[in-house]
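Student: If you scroll down you'll find the structure; I have some questions about it.
The values are calculated or read from the model by the stated rules, or taken from the named source; none is laboratory data. Keep in mind that this is a model prediction, so the values were computed, not measured. Here the Cβ positions follow ideal geometry from the backbone for every residue, glycine too, while neighbour counts run over all protein chains shown.
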Amino acid sequence: MKTAELPRWQAFVQRHFAVLFIAACLVVFVAVVELFASVLVQRVVTEALIRIVIVVGIYVFTGNSGIISFGSVTFMAVAAYATGWQTCCAMLKPITMSGLPSILRDHTYPVYVSAATSVGLAALLAFITGLILMRLSGLAASISTLAILFILNVTYSNWETVTMGTASMVGLPTYITPWLALAAALLAVLCAWIFQNSARGLLLRASRADEVAAAACGVSLYWSRLIAFTLSGAIMGLAGVLSAHFLGTVSINSYFLNLTFLALAMLVVGGMKSLSGAVVGVIVVSTIIDVFRRIEVGIPVGDVTFSLPPGTQELVLAGVMIIILMFRKDGLMGGQEFRLPVRFLRQHRRSLEAKDT
Amino acid sequence: MQNLVQILVDAVALGSLYALVALAIGLVFGVMRLINFAQADYITIGAFALVVPTASVSPPLLLGALPLAFMVGGVVTVVVLLALATERLAFRPMRGSDPATLLISSFAVSYFLQNLVMMIHSGRPKSVGIGNSLSAAIEIGGIRVPGTQLLTMGVTSVMLVAMVFFLKKTPMGIQMRAAAENFEMARLMGVKANRVIAAAFAISGIMAAAVSLLLVVQTGTLDVRMGLMPVIFAFFATVIGGMGSLPGAALGGFIVGFVIVALQAFLPPDLRAFRDAFVFMLVIGFLLFRPKGLIVNRAARERV
């Protein structure tokens, strides 16, 4: 009886090792940070966890379909503004954002209600834009996602009475703790994992490997891509809600090309063909950014302070990305997921066989 | 009526500028399936080469202080060298990668160059007085045409004609068209890949230099993002025209220019701020009906 149960458990771990491993590492990491690190470090870690949600959100579409999306950050902005409208500054809202419909202008909603509706809105918008964009072939679709990003940026930057233009919306409740960010990151990772192992996800990954062959086998690219794009939009929406309530402010220009670049750089460095790559990319790039940010501020070495000119961090990041693309195109993870070490499995099997005989 | 002619002149001037940028992008896309984001930074760096690197908002002139011919020559040299350098250092090692990888690498190169400019020149917009004498309007048959627009139309039409001549009549131009049609086959026929790709980059550099000078003369300002919007519009011009088709790229550039000017003229005043959003929506709407663009190129199709 016991021997019959063990392989099933073992098979489960073996099959879902990547997601279990990522979850375990993140939980341990956050616990350690929560117990021992300063508030400042906790903020850095929370920020990194939010970035995991962002990058996993982009990965769900880009990683599975092979189409680079420059527009995913759009859905983040939509959700961030949506949650801002619902939860922000009850007193100021009627004055600063007079154009809001009264249901939003004169009422304030609980944070979890607003989070859910905002994510829903982002997903809906992704679905609608996806209906149009997914008709296009790879490169044209990539470029067109950029159009979505610009449409939203131009609209929100100029819609003074509703979005306050390019000014920041301030005074959102800041309720994001490291644990909450961790929960969101795990949720995003889990969604991505379930999708990529579902029938649809596998079809989409097949089309990434060879679009023509997949189509010849009867795989409908359109629906698979649309579902991935919508799920990606929902996860981006979650990231938008998180970042809005982490910072307490929302401004349209923080959801534009710089964030898009940062997220894509993380995805490329880790490797955009695997979920493990997406997560590893966030951790590696976040570390690089933090280290260089500190060096730019200045590090005392003996009597002199060693510092690099501001902007070095960006140059290093772009440089790392180009080098990765040149020499390790599939990123640090090489397009692979984390796997249970083979040695461990073999040993385990041997001991089981010994027990059977 | 006069008003309409005025709008038409504006549209042609803007359209020809975008056609120039779109052609540069289309040329490079043709030979190596790379959509080059860094084209924006070629334009920006060309303009910034006019001034001495300082943090000042009205910096002393560097190349801009030279006599006209040397100034133009200097800017063209700088941008062409830059374009060749990015090709050699960043894009050549990635040749043969899939288009998505190339696209993302050009995004990285662009980010690198943009931050380099910011580091050297500081991120603030600067004013530079070159070609002030051109801003005076010239009256032709009751229509006032600003000198800068005449210059733009003159320069772009000369360059477009030169481009057609180059592509149709010179050996290198013919090789480039052959490479755009079918790169592997062209190589088998003796077209040298390195040379033809480097030539495409050099030409895109010359065009970027022309665009950056025209933009500086038109606006009198330098900004680290000055190349961004023309290049974004040019991307859509190439998509509208049909990816991989050079006449399509030029045509798309004119269409985008016309649409922008028309929207600017005919949108109600309180919607004018949203002009670019409408442009992008029209682009997406257009793609809904013709996903492959106006001129469908054989080479644009997925190669089996």
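Student: B:VAL5 versus (1) surrounded by 23 or more Cβ atoms within 10 Å (Cβ to Cβ); (2) not small (Gly, Ala, Ser); (3) not in a loop (DSSP other than H, G, I, E, B): which is the lone unmet condition?
Tutor: (1)
Student: Check every one of the helices (runs of 4 or more DSSP H) wholly within segment B:169-242 and list those with 2 or more residues that are in contact (Cβ under 8 Å) with a residue 24 or more places away in the chain and over 11 Å from the mean Cα position of the chain (by Cα).
Tutor: It comes to B:171-181, B:193-219, B:228-241.
Student: Give me the residue from segment B:109-152 that is without any contact (Cβ under 8 Å) to a residue 12 or more places away in the chain and within 14 Å of another protein chain (Cβ to nearest Cβ) and, out of that set, surrounded by the most Cβ atoms within 10 Å (Cβ to Cβ).
Tutor: Here the residue is B:TYR111.
Student: Would you mind finding the one in A:THR166, A:THR230, A:THR174 that is surrounded by fewer than 17 Cβ atoms within 10 Å (Cβ to Cβ) and touching a Gly at 6+ places or on another chain (Cβ under 7 Å)? Break it down stepwise before answering.
Tutor: Details: A:THR166 fails: touching a Gly at 6+ places or on another chain (Cβ under 7 Å); A:THR230 fails: surrounded by fewer than 17 Cβ atoms within 10 Å (Cβ to Cβ).
From the options A:THR166, A:THR230, A:THR174, the qualifying one is A:THR174.
Student: Mind listing whichever residues of segment A:61-105 are of a type in the set (Phe, Trp, Tyr) and touching a strand residue (DSSP E or B) at 6+ places or on another chain (Cβ under 8 Å)?
Tutor: As a first pass, look at segment A:61-105 and keep what is of a type in the set (Phe, Trp, Tyr): A:61, A:70, A:75, A:81, A:85.
Listed by number, the list holds a single entry, A:TYR81.
Yes or no, residue by residue, for (1) over 13 Å from the mean Cα position of the chain (by Cα); (2) within 20 Å of A:ASP330 (Cβ to Cβ):
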residue: A:TRP9; (1), (2): yes, no
residue: A:ILE22; (1), (2): yes, yes
residue: A:LEU26; (1), (2): yes, no
residue: A:ALA31; (1), (2): yes, no
residue: A:SER38; (1), (2): yes, no
residue: A:VAL41; (1), (2): yes, no
residue: A:VAL44; (1), (2): yes, no
residue: A:GLY63; (1), (2): no, yes
residue: A:VAL73; (1), (2): no, no
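Student: Report, by residue number, each residue of segment B:74-89 that is surrounded by fewer than 20 Cβ atoms within 10 Å (Cβ to Cβ) and either within 17 Å of B:PHE48 (Cβ to Cβ) or at the interface with chain A (Cβ under 10 Å from one of its Cβ atoms) (or both).
Tutor: B:GLY74, B:THR77, B:LEU81, B:ALA85, B:LEU89
Student: Moving to a separate point now. Which is under 15 Å from A:ALA244 (Cα atoms) and out of contact with any Leu (no Cβ under 7 Å at 6 or more places or on another chain), of A:THR117, A:THR108, A:THR129? Walk me through how you get there before you give the answer.
Tutor: Details: A:THR108 fails: under 15 Å from A:ALA244 (Cα atoms); A:THR129 fails: under 15 Å from A:ALA244 (Cα atoms).
None of the others qualify; the one that does is A:THR117.
Student: Turning to a different aspect of this structure: When you check B:VAL256 against the structure, is it in a helix (DSSP H, G or I), in contact (Cβ under 8 Å) with a residue 60 or more places away in the chain and surrounded by fewer than 23 Cβ atoms within 10 Å (Cβ to Cβ), yes or no? If you could, list the steps in order and put the result at the bottom.
Tutor: Numbers: in a helix (DSSP H, G or I): yes; in contact (Cβ under 8 Å) with a residue 60 or more places away in the chain: yes; surrounded by fewer than 23 Cβ atoms within 10 Å (Cβ to Cβ): no.
Here the answer is no, as B:VAL256 does not meet what is asked.
Student: Filter segment B:36-58 down to the residues that are hydroxyl-bearing (Ser, Thr, Tyr) and not in a helix (DSSP H, G or I) and list them by number.
Tutor: Matches in segment B:36-58: B:THR54, B:SER56, B:SER58.
Student: Looking at A:THR177, A:THR161, A:THR145, A:THR166, which is the one that is touching a residue at least 24 places away in the same chain (Cβ under 8 Å), touching a Phe, Trp or Tyr at 6+ places or on another chain (Cβ under 6 Å) and of a type in the set (Ser, Thr, Tyr)?
Tutor: Matching residue, one of A:THR177, A:THR161, A:THR145, A:THR166: A:THR145.
Student: Now for a separate question. Could you tell me whether B:ALA262 is surrounded by fewer than 22 Cβ atoms within 10 Å (Cβ to Cβ), more than 11 Å from chain A (Cβ to nearest Cβ) and hydrophobic (A, V, I, L, M, F, W, C)? Break it down stepwise before answering.
Tutor: Details: surrounded by fewer than 22 Cβ atoms within 10 Å (Cβ to Cβ): yes; more than 11 Å from chain A (Cβ to nearest Cβ): yes; hydrophobic (A, V, I, L, M, F, W, C): yes.
Spelling it out, B:ALA262 is indeed surrounded by fewer than 22 Cβ atoms within 10 Å (Cβ to Cβ), more than 11 Å from chain A (Cβ to nearest Cβ) and hydrophobic (A, V, I, L, M, F, W, C).
Student: Now a separate question. What number of residues in segment B:278-301 are in contact with a Leu (Cβ under 8 Å, 6 or more places away or on another chain), at pLDDT 85 or above and at the interface with another protein chain (Cβ under 8 Å from one of its Cβ atoms)?
Tutor: Residues flagged as in contact with a Leu (Cβ under 8 Å, 6 or more places away or on another chain), at pLDDT 85 or above and at the interface with another protein chain (Cβ under 8 Å from one of its Cβ atoms) within segment B:278-301 amount to 1.
Student: Could you check segment A:241-356 for helices (runs of 4 or more DSSP H) lying wholly inside it with 3 or more residues that are free of Cβ contacts under 8 Å to residues at least 12 places away in the same chain and within 19 Å of A:VAL45 (Cα to Cα)?
Tutor: In segment A:241-356, the matching helices (runs of 4 or more DSSP H) lie at A:275-297.
Student: Checking the condition more than 14 Å from every other protein chain (Cβ to nearest Cβ), farther than 30 Å from A:ARG208 by Cα and modelled with pLDDT of 90 or more, which residue from A:THR117, A:THR96, A:THR108 passes?
Tutor: It is A:THR117.
Student: Now for a different question. Among (1) surrounded by 15 or more Cβ atoms within 10 Å (Cβ to Cβ); (2) within 12 Å of another protein chain (Cβ to nearest Cβ), there is one condition A:TYR255 misses while meeting the rest; what is its number?
Tutor: Of everything listed in (1) surrounded by 15 or more Cβ atoms within 10 Å (Cβ to Cβ); (2) within 12 Å of another protein chain (Cβ to nearest Cβ), A:TYR255 misses just condition (2).
Student: Report yes if some residue within segment A:293-314 is modelled with pLDDT of 85 or more, in contact with a Leu (Cβ under 6 Å, 6 or more places away or on another chain) and away from chain B (no Cβ under 14 Å); otherwise report no.
Tutor: The answer is yes, given that some residue of segment A:293-314 is modelled with pLDDT of 85 or more, in contact with a Leu (Cβ under 6 Å, 6 or more places away or on another chain) and away from chain B (no Cβ under 14 Å).
Student: A follow-up question, please. Before we move on, is B:GLY220 under 27 Å from B:GLN6 (Cβ atoms), more than 14 Å from chain A (Cβ to nearest Cβ), surrounded by fewer than 23 Cβ atoms within 10 Å (Cβ to Cβ) and not hydroxyl-bearing (Ser, Thr, Tyr)?
Tutor: Taking the combined requirement at face value, the residue satisfies it.
Student: Follow-up. Please verify whether B:MET163 is farther than 24 Å from A:ILE68 by Cα, more than 14 Å from chain A (Cβ to nearest Cβ) and crowded, with 21+ Cβ neighbours inside 10 Å, treating the condition exactly as stated.
Tutor: yes
Student: Return only the number of the condition from (1) among the β-branched types (Val, Ile, Thr); (2) surrounded by fewer than 21 Cβ atoms within 10 Å (Cβ to Cβ); (3) part of a helix (DSSP H, G or I) that A:ILE151 does not satisfy.
Tutor: All conditions are met except number (2).
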